[in-house]
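The structure under discussion appears below in the form of structure tokens.
The values are calculated or read from the model by the stated rules, or taken from the named source; none is laboratory data. Not measured: the values here are computed from a predicted model. So basically every Cβ, Gly included, is an ideal-geometry build from the backbone, and we count neighbours across all protein chains shown. The accessibility values were calculated without ligands, DNA or RNA, using every heavy atom of the protein model including side chains. Shrake-Rupley method; radii C 1.70, N 1.55, O 1.52, S 1.80 Å.
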Amino acid sequence: MHPQLFRYAQGPYGGHEVLLGASFDLLIWFVLAAMAVIIFHAVYKSG
């Protein structure tokens with residue numbers, strides 16, 4: 001069994017699902033994506 005990437009629960013006012021949060025397993029991917037954008041922007045602006 002693998003961990004869930006997103007956590008859901010039942011909404012307080014209805015029966016639909018609401019997003020509670022994301023797993024910390026995704027944190028490294030968001031950090032890497034942010035670093036890639038910063039590096040790309042620095043290279044783009046320097047040239």
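Observations
- Whole-number accessible area per residue in Å² for the chain, which is evaluated in the context of all protein chains at 1.4 Å: 98
- Converting phi to 3J(HN,Hα) with the Karplus coefficients 6.51, -1.76 and 1.60 and the offset θ = phi - 60°, segment 25-37 yields 5, 7, 4, 5, 5, 5, 5, 5, 5, 5, 5, 5, 5 Hz in sequence order, with x at every glycine or proline.
- Dividing the summed -39500 (n - 2.57) terms of all DSSP H runs of n ≥ 4 by the residue count of the chain sets its mean residue ellipticity at 222 nm at -14500 deg cm²/dmol.
- Descending semi-axes in Å of the chain, equivalent ellipsoid built from Cα gyration tensor: 36, 14, 5
- Solvent-accessible area, 1.4 Å probe, carbon plus sulfur percent, for the chain: 71
- Simple spin-label estimate for GLN4 and PHE24 gives 1.8 nm between the two label positions (7 Å along the Cα-to-Cβ direction from each Cα).
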